[in-house]
Every structure is written in C-alpha cells, then in structure tokens.
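The structure appears below as structure tokens.
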Amino acid sequence: MYLKLKKSYFDVLDRFTPFLIIMTIVSFIIGSYFALYGSPPDYIQGDSMRIMYVHVPSAWWALMSYSVLAVSCTIWFITRNPFFNLIAKSIAPIGAVFTLIALVTGSIWGKPTWGVWWVWDARLTSMLLLFFLYLAYIFLWQAISNKDLASKISAALAMIGFINVPIIKFSVDWWNTLHQPASISKLSSPSIDESMLIPLFIMAFASLCFLITMFSVRLRIEFIESRISRLRQKIYD
Amino acid sequence: MKPLYDLINRDLKIAFFTSSNFLFTASFFILIVVLIPFIFGSDSEQLRIIFKGIIWISISLSILLTLERIFYSDYEDGSLDLILQRYESLEIIICAKYIAHWVINCLPLIVILPFLSLLFQLTFSDIFPILINLVIGSMGMVFVATFVSALTLGAKRTIFLKGIILIPLLVPFIIFGVDPHSWPILIALSMMSFVISIYASAYGLRLYGE
Amino acid sequence: MGGYGFYVWSSYIIFFVTISYVFIVNLMKLNEKKKKLINLEKHSDQSS
Amino acid sequence: MKKLSINELKCFRGENLVLNRISAEIKEGETFVIKGSNGSGKTTLLRVLSSLIKNYSGTIMYEDRDIKEDYKFYQKFNFIGQKNALKENLSVSKNFKLWEIIYGKKTDVNLLLQKYNLNTLIDKDISSLSDGQKKCISLLKLKLCSVPIWYLDEPFVFLDSENRSILTDEIKSHNHRGGIALITTNTELDYKSDGEITL
C-alpha cells in the first residue's frame, strides 16, 4: 500500500502555512488584549478568571485532538488508507501539548481559587489520564521499530483508549462524588457574561489556528519522512 | 476443551518449574503488606483504613510486574510460534492465558487475604465485600493486561511503556473495586473488557504470527 | 490584576512559551527534512 | 498423490513485496531447498506455508485442497523455526514435558536423547548448553509427532559435521516414508536435493 497522495496537495499546504501563521499571531494578539485588558474581571473570582481564556481553549482542543486521533484511527481500520494514520500520528503530539498546558494552567488557576496547586477534581484527574493516553500513543510509535507494525498497533490502542475515555470520565465522576468534599467550587459557572465570551472565543479561535498550523506542518514532516524512506529503499535496492 | 486444558496445564507447569509460582506471588503480597506498618505506624485504626488500598495497589503491581509473562516470554523464545501453529483457535489460546495467569498471580492474594487481614484486626464480615470485588476486579485487570501484552509484543523490552499503556486502563477497575457497593458496575466493566480483550488480543497475536 | 497578577502572567507566559517552542521545533524539523529530501532526490536522479 | 503445490504466491510485508510470484510443486518423498540472500523472505515463505501468515495472494494446495480451507492442515506439518522454543531456566527434560503437552503425545525422553548421544544433557539447564546443543534438542521436536511435511528454517546452523550427517539421514528417511521436507539454508547441502526455490 503506497501513499497515494500527490506531492502537489502538500505544496498547497505549504503555501497556506504563512497565511495560517499570520492569522494565528494576529488573533493571539487581539485575543490577549481582550483577555488581559479589554474585559472586566469576574465579580466572584476577580482577575484569576483571566487564566480561563488560555485554559479552556487548551482543554477543548486537547479533547478534540483525541477525538480526531481516534476517529482517524477507526477510519484507517476500515479503509486501510495510510493517510489517516499520518493524520493520527501528526495530531498526537499537538494534543499532548494542549493537554499539558490545560493541566498546568488549571493548577495555576487552582492556587488562588482553591488555595492549593492540585485538587483531585474529576476534570483534572481525567485530563491527567488523557495525557497518559497521549503519551502511550506517542511512545508506542517510538518503541516499535517496524513502522508498519507500529501503525497497526498504535491504531488499535488509540481506539481502545477512545472507548476508555468515557469510562474513565464516568468512573472518575463516580469516585469524585464519593470522596470530594462539596465545599470546592466547580469550574463551570452557570452563566457566563457576554463580555467574557468574546475573549474566550477569540482565544479559542487563535488556538485552533495554531493547532491547524502545527497540524499541517507535522503532516508535511510525516509525508516527507515516508518519501525519504521510500527513496532510500529505491537507492539501496 | 482438551486444547484449553492443555494450554492451562502448560502454563501452570512453567509456573511450577520456575520461580514464578504461587509461593512467589504470595510472598510478594505479604512483603508489601508487611512494609505498610513501617510507613504509617502501628495505629491499628489507621492501618485498617489503609489495608483496602494496599490490597489494590499490590494486585495492580503484580499485574504490571508479571505483564511480560503473559505472552512476551513465549514470544521471545519462539514457543508462541509453536503454540500458534499447533492450535487452530486463537480464542482458546487467549482464554487459557486468562485462566492460567489469573490462577498464578491473583488467586494467591485472594486466598491469603483473610489471613493477612488478621494482622490488621479485621473480621471476616469486613473483608468479605473486598474479597468479592477483588475476585471480579482482578479478572477484569487480567483481561486488560492480556491484550496490552499481546499488542505490545513487538515493542522493545520496556516495562515502562507497557506500564504507561496499562495503568490508565486499570484506573476504572481500581475506582469501582475500592467501593464495596459497586460490584455490579465492576461485573459490567469486566465483561466489557473481556469482549474487547478477546478481539484485541487475537488481533495482536495475528499480527505477530506474521 | 488585583493580587492575581503573578498567577495570570505566569499562566500566559507558560502558554505562549510552550506553543512557540513547539512551533519553532517543528518548523526547524520541517526545514531539515526538506533539505534531506532534496539531497536524496538529487542522489536518486544521479543513480538512475 | 500427496503433493504440495504453490501457485503464484505473493506476499507483502508492509509496503515491501517480499514474495513475488513463487510457484513450485513438491511431490511426496522430495526435499526442496529454499535459497536466497539474507532478508530475501525465506523465513516469510515458510511462515506463509505453515499458515502463520494468512495475508497472501495465490494458492497453496496440499492433497488437492487449499490449506486455507483445510482446517486440519495444522496437524500435517511441523515447522522448526530459528528460535528454539526452549525455556532458558528449565532443564532439558522439563522442556520436553512442555513440548509433549503442545504436541499431545508422550515420548520416552531418555530413549530419544540416548539415540542421538545427548543423554548426558537431560538434567542440565538450557542456559548452560551451547548453541549447537540447543539446536540439536530443538530439532528433536521433529520426533515428537509424525507428520508428512517438515519445514526447517536454517536447520544446519551451529551443527557440527557429525550432527549434520545425522540430520541429513533423518531427512532422507523422512523422504523414504513419503514425507516432504522444505529447508532454507545459506550453505550447500551434503547431498543433492530434488529441487530448489530461489527467491
């Protein structure tokens, strides 16, 4: 099974990359302005609310990346088109980075709000487990030297991990209701003021642009790598 | 049923011939449990609370430490090839592994648990719910460990990688296992992981047969 | 920032430093691979 | 006529085409040698023929039945791979006990080892044996079941001249009984084979 994608498709990606980079930078600047100065502080949490504008988008895109990963692995299982494996392989590190950012900013937000750096809150705990799922996927690619085998195995594990995500979420919620003292305030507030939605959405958009940029760059790296290995084979045969 | 019996017999024989037999796992548990009072002090009230956690920690550890014995040791010396060519049905090979592995590594803990609980001044009525959860939960954990082992056969000998893959998958079992009233969920979870495990392990073995 | 300045700034700095690090590393890797590919293509043209 | 016929066999490993249109016909009582440089797919061919690899195109027929449809085919061959299937920390006799379970047949291990002058090894641990001794013991698996087809992957590696001739005699007598033998090797055989498959 050869990668049936022409080089020209990836040249299109190459041409779009500068545009994406500019869009990312501009929307991050606008978003940061709104997030840090252009919006009022929350009337309960005060200025620590501003951490949410980087924390929440990271958590969203971390979860979305895992869904993309698992869905593309599933499609790969059905169609056996290696392109979907490349998608999964290139999005995994970005998702892991977003998960890490969500974890770190979450615990920074926790310090002024809860008074401690880490609470065994259901969301934080399941995010931590998600991070391990990402790590397992990435390490598996490195541990198996036969790339064809690695793609099959990691796709299977990504799918099993995807089945496991709701189970982990459910079990951690269950565990949390048993052990958590009720005094700690939850992350989600019932209603978000419109003035907070604007910076949140701009930052989310900027992070998404960043994700797409990184994704296209990594996709190109993977594609070039597979071309290199095929060329090497041609030369040494 | 003959192939199933044969394969279980073979695994049990290997366990008895080598040092990895029942005595080994049982003494491993006893050692971990004995370490605990040195850390937390001899206050029996506190120890009684911790005891349940120790049991689950030690069973997860034993599942993790013996992970490579499920398929990897057979794969490494070539016995897996022999088994795969002599037995037509992968599912029987996998089921035999479940039973043999559970009997060797989890059954000793369950058997000695009532005696160990005497050290912590627990009565049988205290220990009975833990025991039921332990039986169901350890079976589910063995199912998960089997497919992780089957899928990572081609990876280099890295117990850390296998641990990173395995531990997040074991978390739900530990959460529901520790709660004495959630045994129905534990049964559902174990049955689900049985179904997934049969498919995933067969997939893994088929890949490495190649 | 009402006493929360340290937390807010540190989280923003962590966020931006991390993503620009990831960005630069991957861009450098892409350029390196591109060079490698061009070299190899030259090599295969010569050999064929 | 019991013959093993391979027809237009093709097998991919990942993106590489390892076996390209292999055809051969091996009649009963014949020994075939599979030749090829390192990494040319000799072991892959044997694994395909012993249906460990099921993902191939082309047909393999034995006794005029496709081996994919013959669910009893696994009782008709014995594949001795390059790995010895020996547990390093167990003694020879205990390893034989494990093999007996897998092959489903009891044998007198003492007698078997005596026949090949290996009876001094019976209580030794595998880890203390040399590579040649391990190979000899691994090849004794052929004696644990009587099957018409033998697949031997590099059987002569590590063997000294005495054991080579013993193995050659064994293969010859297997052929006399009407058995088929397929051997991969890098070196020349001591006698002329009935045919070759070159990869």
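At a glance:
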| item | result |
| --- | --- |
| Tally, over the stretch C:1-17, of residues that are in a helix (DSSP H, G or I) and surrounded by 17 or more Cβ atoms within 10 Å (Cβ to Cβ) | 5 |
| Test: residue in the stretch D:66-84 that is more than 16 Å from D:ALA181 (Cα to Cα) and of a type in the set (Val, Ile, Thr) | yes |
| Residues (buried (at least 19 other Cβ atoms within 10 Å of the Cβ) and assigned to a loop (DSSP other than H, G, I, E, B)) located in the stretch B:149-178 | B:THR152, B:LEU153, B:ALA155 |
| All positions within the stretch D:61-82 that are surrounded by fewer than 19 Cβ atoms within 10 Å (Cβ to Cβ) and touching a strand residue (DSSP E or B) at 6+ places or on another chain (Cβ under 9 Å) | D:MET61, D:GLU63, D:ASP64, D:ASP66, D:LYS68, D:ASP70, D:LYS76, D:GLN82 |
| Unique residue being touching a residue at least 12 places away in the same chain (Cβ under 8 Å) and over 25 Å from D:ASP169 (Cβ atoms) when the list is D:VAL92, D:VAL48, D:VAL33 | D:VAL48 |
| Any hit, the stretch B:128-141, residues being without any contact (Cβ under 8 Å) to a residue 12 or more places away in the chain and either in a helix (DSSP H, G or I) or within 12 Å of another protein chain (Cβ to nearest Cβ) (or both) | yes |
| Any hit, the stretch D:131-139, residues being in contact with a Ser or Thr (Cβ under 8 Å, 6 or more places away or on another chain) and away from chain B (no Cβ under 14 Å) | no |
| Residues that are closer than 26 Å to A:ALA92 by Cβ, hydrophobic (A, V, I, L, M, F, W, C) and modelled with pLDDT of 70 or more, drawn from the stretch A:172-199 | A:VAL172 |
| Helices (runs of 4 or more DSSP H) completely within the stretch B:40-118 that count 1 or more residues being of a type in the set (A, V, I, L, M, F, W, C) and within 14 Å of chain D (Cβ to nearest Cβ) | B:79-86, B:90-105 |
| Odd one out for B:ARG10 among (1) crowded, with 19+ Cβ neighbours inside 10 Å; (2) modelled with pLDDT under 85; (3) of a type in the set (D, E, K, R); (4) more than 17 Å from B:ILE130 (Cβ to Cβ) | (2) |
| Evaluation of D:SER23 against (1) without any contact (Cβ under 8 Å) to a residue 12 or more places away in the chain; (2) more than 19 Å from the chain's Cα centre (by Cα); (3) more than 14 Å from chain B (Cβ to nearest Cβ) (one fails), failing number | (1) |
| Set A:ALA150, A:ALA155, A:ALA143: member being modelled with pLDDT of 90 or more, within 17 Å of B:SER149 (Cα to Cα) and aliphatic (A, V, I, L, M) | A:ALA155 |
| Search result, residues across the stretch B:179-193 that are assigned to a helix (DSSP H, G or I), touching a residue at least 12 places away in the same chain (Cβ under 8 Å) and either surrounded by fewer than 19 Cβ atoms within 10 Å (Cβ to Cβ) or at the interface with chain A (Cβ under 9 Å from one of its Cβ atoms) (or both) | B:TRP183, B:ILE187, B:LEU189 |
| Any helices (runs of 4 or more DSSP H) falling wholly within the stretch D:32-126 and containing at least 1 residues that are facing chain B (nearest Cβ under 8 Å) | D:42-49, D:92-103 |
| Pair list, Cβ under 6 Å, 6 or more apart: the stretch A:18-39 residue touching a residue at least 40 places away in the same chain (Cβ under 8 Å) and more than 13 Å from A:PHE210 (Cβ to Cβ), other residue among the basic types (Lys, Arg) and in a helix (DSSP H, G or I) | A:ALA35/A:ARG50 |
| Of residues in the stretch A:117-140 being farther than 14 Å from A:ALA96 by Cβ and of a type in the set (Val, Ile, Thr), the one modelled with the lowest pLDDT | A:VAL119 |
| Yes/no for A:SER126 being farther than 26 Å from C:TYR12 by Cβ and within 11 Å of another protein chain (Cβ to nearest Cβ) | no |
| Total residues in the stretch B:15-31, condition in a helix (DSSP H, G or I), crowded, with 16+ Cβ neighbours inside 10 Å and either of a type in the set (Asp, Glu) or within 17 Å of the chain's Cα centre (by Cα) (or both) | 8 |
| Unique residue being surrounded by 18 or more Cβ atoms within 10 Å (Cβ to Cβ) and at pLDDT 90 or above when the list is A:SER39, A:SER67, A:SER27, A:SER48 | A:SER27 |
| The listed residue being surrounded by 19 or more Cβ atoms within 10 Å (Cβ to Cβ), within 12 Å of the chain's Cα centre (by Cα) and in a helix (DSSP H, G or I), out of D:LEU142, D:LEU152, D:LEU182 | D:LEU142 |
| Of the criteria (1) in contact (Cβ under 8 Å) with a residue 60 or more places away in the chain; (2) surrounded by 21 or more Cβ atoms within 10 Å (Cβ to Cβ); (3) within 18 Å of the chain's Cα centre (by Cα), which one B:GLU68 fails | (2) |
| Test: residue in the stretch D:73-80 that is among the polar types (S, T, N, Q) and modelled with pLDDT under 85 | yes |
| Members of the stretch D:155-179 found to be among the hydrophobic types (A, V, I, L, M, F, W, C) and either buried (at least 19 other Cβ atoms within 10 Å of the Cβ) or part of a loop (DSSP other than H, G, I, E, B) (or both), listed by number | D:PHE156, D:VAL157, D:PHE158, D:LEU159, D:LEU167, D:ILE171 |
| Condition check for D:LYS54: within 30 Å of B:PHE16 (Cβ to Cβ), over 13 Å from the mean Cα position of the chain (by Cα) and of a type in the set (D, E, K, R) | no |
| Lone unmet requirement of (1) under 21 Å from A:THR213 (Cβ atoms); (2) outside any helix (DSSP H, G or I) for C:TYR21 | (2) |
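For every residue, the table says whether it meets (1) at positive phi; (2) within 7 Å of chain A (Cβ to nearest Cβ); (3) touching a strand residue (DSSP E or B) at 6+ places or on another chain (Cβ under 9 Å).
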site	(1), (2), (3)
C:GLY3	yes, no, yes
C:SER10	no, yes, no
C:PHE15	no, yes, no
C:LEU30	no, yes, no
C:LEU40	no, yes, no
C:ASP45	no, no, no
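The values are calculated or read from the model by the stated rules, or taken from the named source; none is laboratory data. Since this is a predicted model, take the numbers as computed values, not measurements. Note that each Cβ is placed from the backbone with ideal geometry, even for glycine, and that neighbours are counted across all protein chains shown.
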